[in-house]
Amino acid sequence: MHFFRLRLVAALLVGITLISVGSTYFDVLAHKHNLRSDLARRTQWFGAGAQPQIEQQMATGQPEGLPKLLERLRQYPDQPSMAVYDTHGELLAATGDILPLKSLPANFLKRPLNEGKEAAAFVKAAENQRPAGTNAAADGNRSPAQPNATARLWYEDAIPLHNGQETVGTLVMVADADYIRLEGMQVWRRSFLNIVAMVILVVVVTLLMVRWFLLQPVTRAADWLRRLRQGKAEVGEGAKEFGYLIPLANEVTSLAENLTRARAAAEAEARLRDAAEHVWTAHRLAVHVRERLGNGKLFVVSNREPYMHVRQGAGVECVVPPSGLVTAMEPILQACDGTWIAHGSGSEDTAFVDANDRLRVPPDDPRYTLRRVWLSEEEEAGYYEGFANEGLWPLCHIAHTRPIFRANDWDYYQRVNAKFADVLLEEMRDTDHPVVFIQDYHFALLSQMIKKARPDARVAIFWHVPWPNAEAFGICPWQAELVDGLLGADVIGFHIQSHCNNFLETVDRALEARTDWEQFSIRRNGHLSLVRPFPISVAWDEHTMDSANYVAERQSAIGRPVIVRDATRELSEHRERTHSQLHRELGIEGKQLMVGVDRMDYTKGIVERLLAIEHLLEEHPWYLENVVFVQIAAPSRTRIPSYAGLRIQVQETVERINRRYQTSGWKPVILIERQCSHEEVGRYYRAADICLVTSLHDGMNLVAKEYLAARQDCDGVLVLSRFAGAAQELRDALLVNPYDVQQVAEAIRTGLEMSPGERRLRMDRMRTQVKEHNVYRWASNVLTDVCAVRIEDEVLTHSPRKQHLKLA
């Protein structure tokens, strides 16, 4: 640091000196120019006044009278010296200091005598200079200066004298201009003193600034990093320690957060091993899958991309769509530098990929590759909105919405699956032992396409929606093709066991295959597919899961023991502050809050839920003005008629209930129709007394588990549909038939009146279930099973792994 200060001071000295010298140089030039102009102007004015009298004297033909005339005209010593020359350059008369007149430049008199024009010049002449031989005006030669001569600056001005139109001589005036040189030297002298003072001042101020604004923040930051390394500081303290070095603070804080997360993960793993628990974390998942993959590489395929670039106002933002899949897959892909293949649906996605449609993500810390696939509007309408969401979605959800199957949509569905297969095979071209994880009903045909081209690949597909019974699935005109496509996978995953049962029954009816109900496997055309339940879940933040971890965090932050009772009270008070703030924003202080969080989808039972709220208020009027229900309904698939109709129905139902019951200061239902951020939804989860998850049919429904994960205070009540997959795990929720409006209303009443002890007991058991079966465990189970698949030797021998097969 001492060497840094020396270099800084030296650089400042050189820089300030060069700038000051340059500035002074131009100031001196300007000052000299002004002084010279002023001297020339005064000399010319003096000559212009004397010229008529001298011309009149010469016109008389009596040049002997010129000396007296010149003496009379030059009344003061500081006036220019004067001399009159005839047309031959001979000196006729002179007054004043005639020494400069004897050293005129050789050609100085030619212009006024020959051309009749004024001539002026600044010349240097020695004070003790004497003529050698004839004078300079006569013979054009300058006398050499004596050895001790002192050069002075003079201003010489020659004005032609006329008699009518004839030039009869010239008037020469010589003014002492040496003061101009002296003035310039004085300016340099003053500037030197100013430069010295400025350098001293700047150096002192700079050293103080370096000490106050650089050394002290760096010292504090180093001390913070040391305390953070020792576990005696919090990450949030870092930004203020860096002072104005905000960019550096952001980077170092990010690094500190990574170190803190790594330490927290290691501590969590140690606690888990010590307690013989089996809670999965992102770090544990990454290590586990990296060991299972070995030299292989993971490829994830989904319709929705993990990062999308969209225009926000005048700029472009990279946003993460709300998805538990991103939470689960990112740690694995980052650990093995995998590839995620997805539809590039962002408005600005094309601007951020390379020539091969790839980009590295996450943007702030690239760890894996995102390969974007482009779809035309026709392909998106036919494959996604048509076959996938007007056909397969209502077919798989028993919500009594008629599925629509069009031959044209089926053509687009096959075409898009083939397009994704081409891209996937291209990405796998140089990969040995690839592992492919396909997501959801958008790619039912993809597994078979990949397996035919790369039989050495291990392929898993997870069906995120329910699988209906065989009779219901038989409605689809292309059920055989869909089921055959799925059987290309080595592992086929569903949320719950009943969906696996339905799938095996569908295979029995639709295809010629051998089903093994004991092993839950299917063999078709020599290929074996395992069918397994993998109940998906949500991420679990081990660092802030409950009051016990809060106590550990506080102890680590302050470096001393914390009383558990005090820490628990702090956590409760924090929750109350959040609760109160949200209630104030909604204008519902002192009222019990119920919340529902869904996409605007007919499978979510939003209308039936609203009717249950209405029935509650009708049958139990004491809840009027005491409860508020907030329904967050994110717009979804708005171009599909059934979804547009549902939105109108929901809006009309909310308006009708509010018209019926609202007062001047209260209304029972608040409808929020927009996409809310994860943080915003979390605030509602933490503040809600009851969360209503009353889907008509759902594969899992992660809202129920998100609500439980958010309730760090172990309070709140979950009302859950029996037809959601989550009901198989969360037995302590209040399970209801969403079609039974009265039952749902009574469950809400039970939750509102439930004792705090029972609420916490139920919540604690459900949170334990979610903690021990979180999304990291889900991903681990799926990938462990697919990595364990044995590929026959002859398949490996004949696998065209170096070829990219185009699929029609």
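The values are calculated or read from the model by the stated rules, or taken from the named source; none is laboratory data. In this text, all values refer to a predicted model and were calculated from it rather than measured experimentally. FYI the Cβ positions are ideal-geometry reconstructions off the backbone, even for glycines, and counts take in every protein chain you see. With ligands, DNA and RNA removed, areas are computed over all heavy atoms of the protein, side chains included. Shrake-Rupley method; radii C 1.70, N 1.55, O 1.52, S 1.80 Å.
How big is the dipole moment of region 694-780 about its Cα centre under a simple scheme where the beta carbon of each Lys and Arg is +1, that of each Asp and Glu is -1, and everything else is neutral? Debye, nearest 20, please.
220
If you roll a 1.4 Å probe over region 438-496 with all protein chains in place, what percent of the accessible area is carbon or sulfur?
51
Report GLU614's accessible area, 1.4 Å probe, all protein chains in place, as a number in Å² to the nearest 10.
Answer for GLU614: close to 20 Å² accessible.
Quote to one decimal, in nm, the extra length available between ARG226 and TRP666 on full extension: 0.36 nm per residue of separation minus the C-alpha distance between them.
Computed gain between ARG226 and TRP666 is 153.0 nm.
So what is the relative contact order of region 286-353, in percent, for Cα pairs below 8 Å that sit 6 or more residues apart?
46
With every protein chain kept in the model, how would you rank GLU618, GLU380 by accessible area, 1.4 Å probe, largest at the top?
From most exposed to least exposed: GLU618, GLU380.
Between beta-carbons, use under 11 Å as the cut-off and find the net charge around MET600, counting Lys and Arg +1, Asp and Glu -1.
For residues surrounding MET600, the net value is +2.
Largest first, how would LYS705, LYS110, LYS452 line up by accessible area (1.4 Å probe)?
LYS452, LYS110, LYS705
Suppose the chain between GLN62 and GLU183 were pulled fully straight at 0.36 nm per residue; how much longer would it get relative to their current alpha carbon spacing?
Values: separation 121, 0.36 × 121 = 43.56 nm, distance 4.30 nm.
Net length gain for the segment: 39.3 nm.
Ignoring ligands, DNA and RNA, what percent of the accessible area of region 39-128 is carbon or sulfur (1.4 Å)?
Working: 2340 of 4940 Å².
Solvent-exposed carbon and sulfur of region 39-128 make up 47 percent of the total.
Taking a 22 Å limit on the Cα-Cα distance, which of the listed pairs LYS604/LYS705; LYS419/LYS452; LYS591/LYS705; LYS32/LYS124; LYS68/LYS110 fall beyond it?
Where the Cα-Cα span goes over 22 Å, the pairs concerned are LYS591/LYS705; LYS68/LYS110.
Below 13 angstrom from the Cβ of ILE54, what's the summed charge of the other residues (Lys, Arg +1; Asp, Glu -1)?
Values: positive: LYS68, ARG72, ARG74; negative: GLU55, GLU71, ASP86.
Its environment carries a net charge of 0.
Quick one: accessible area per residue over region 612-754, 1.4 Å probe, rounded to a whole number of Å²?
So region 612-754 comes to 39 Å² accessible per residue, rounded to a whole number.
How would you rank 683-690, 404-411, highest first, on the average number of other Cβ atoms within 10 Å across their residues?
Ranking the peptides 683-690, 404-411 by packing returns 683-690, 404-411.
Could you tally the net charge around ARG292, taking each other residue with its Cβ under 11 Å from the Cβ of ARG292, Lys/Arg +1 and Asp/Glu -1?
Working: positive: ARG290, ARG458; negative: GLU291, ASP785.
Once all neighbours under 11 Å are counted, the net charge is 0.
Starting from the 7 Å offset along Cα-to-Cβ, what nm value, one decimal, do you get for the label separation of GLN581 and GLU772?
Computed distance between label sites GLN581 and GLU772 equals 3.5 nm.
Could you calculate the FRET efficiency of LEU528 with GLU655 from 1/(1 + (r/R0)^6), where r is the beta carbon distance between them and R0 is 51 Å, rounded to 0.05?
Step by step, r from the Cβ atoms, then E = 0.35.
Express in whole angstrom the spacing between the alpha-carbon centres of region 631-671 and region 417-435.
So the two Cα centres are separated by 45 Å.
Assuming 0.36 nm per residue, please report the length gained on full extension of the stretch ALA381 to ALA151 beyond their Cα-Cα distance.
Answer, rounded to one decimal: 73.2 nm.
Between GLU619 and ARG731, what is the FRET efficiency for a Förster distance of 25 Å, r being their Cβ-Cβ separation, to the nearest 0.05?
After rounding, the FRET efficiency stands at 0.40.
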